[in-house]
Amino acid sequence: MRVKFKRWAVDYLQTSKTNQFELFIEDKEKLSSFLSEKPTYIEIGPGKGDFIIALATKYPNLNFVVIELNRTVAGICLKRIDESKLTNIKLVAGDFYRFADQIGPKSTEGIFLNFSDPWPKHKHENRRLTSSRFLFTYAFILKDDGKIYQKTDNVDLFNFSLANYELYKWKILSVDREYNKFDDFDAETEFEHKFREAGLKINRCVVEKTKETMIEEINEHEVRNIL
């Protein structure tokens, strides 16, 4: 869904630096320190931040990083994070792949994908957040037994995701095509609230990285780097 440009949000993003990391070498050490001080989870595409603020409030013993490329959305989310006064959430306004390069391998416990853009056209398949390229990067940054938590209202995206998880040897821990109750490690997003009120079904799954996950792709990647 397209978001209308908001100058105040972009200006806020540029001026409020306490709860955000920038993808420059100067912030690399601070980001690494944040990731290592507590078990850390990532949300890609946080919206206004309802989900991550609720989870960070519930779990002060964990750290959370939200990643948002759209600068208007990032600014809105950052303002909400600042207003929450929580110290265990940070925002990165930038490209996920650059972020993954910055933090390095086996640095995170889990990844949340909440109501991601389904990119329904076949030519846009690589933009889906559960395409092979993204899954490879998740496997790279997740610790052993790290998990992906996915929720979506889009059945086609859900089916595509499940097929890819199976293809690339992620261990599927749970699948719920009518997710009505929140488990302990979950919270409602702003989109989810609207979908539930409209009577739409929510699909949710949890998958786990294993020793076999993306192993062929990882081996091929290592061979290319050596050559």
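The values are calculated or read from the model by the stated rules, or taken from the named source; none is laboratory data. Quick caveat, the model's predicted, so the values are computed rather than measured. Using ideal geometry, Cβ is built from the backbone for each residue, glycine included, and neighbour counts are taken over all protein chains shown.
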Name the one entry in 94, 49, 110, 75 that is over 19 Å from residue 16 (Cα atoms) and buried (at least 17 other Cβ atoms within 10 Å of the Cβ). 110
Output yes when any residue across region 193-208 is surrounded by 12 or more Cβ atoms within 10 Å (Cβ to Cβ), within 26 Å of residue 64 (Cβ to Cβ), of a type in the set (Val, Ile, Thr) and at pLDDT below 95, and no when none is. no
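Does residue 87 meet the test of being surrounded by fewer than 16 Cβ atoms within 10 Å (Cβ to Cβ) and either under 18 Å from residue 184 (Cβ atoms) or in contact with a Lys or Arg (Cβ under 6 Å, 6 or more places away or on another chain) (or both)? Step through it out loud before you land on a result.
On the way: surrounded by fewer than 16 Cβ atoms within 10 Å (Cβ to Cβ): yes; either under 18 Å from residue 184 (Cβ atoms) or in contact with a Lys or Arg (Cβ under 6 Å, 6 or more places away or on another chain) (or both): no.
Taking the combined requirement at face value, the residue does not satisfy it.
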Checklist (1) crowded, with 16+ Cβ neighbours inside 10 Å; (2) within 16 Å of residue 204 (Cβ to Cβ) applied to residue 156, failing item: (1)
Has region 176-189 got any residue that is at pLDDT below 95 and under 16 Å from residue 117 (Cα atoms)? yes
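Quick check on region 115-124. Is at least one of its residues in contact (Cβ under 8 Å) with a residue 60 or more places away in the chain, buried (at least 18 other Cβ atoms within 10 Å of the Cβ) and not charged (D, E, K, R)?
Within region 115-124, the first condition is being in contact (Cβ under 8 Å) with a residue 60 or more places away in the chain, and the residues that meet it are 115-117.
Subset that is buried (at least 18 other Cβ atoms within 10 Å of the Cβ): 115-116.
If we keep only those that are not charged (D, E, K, R) as well, we get 115-116.
Scanning region 115-124, I find at least one residue that is in contact (Cβ under 8 Å) with a residue 60 or more places away in the chain, buried (at least 18 other Cβ atoms within 10 Å of the Cβ) and not charged (D, E, K, R), so the answer is yes.
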Which residue pairs have Cβ atoms under 6 Å apart, sit 6 or more places apart or on different chains, and have a first residue in region 1-26 that is among the β-branched types (Val, Ile, Thr) and loosely packed, with under 10 Cβ neighbours inside 10 Å and a second that is assigned to a loop (DSSP other than H, G, I, E, B) and modelled with pLDDT under 90? none
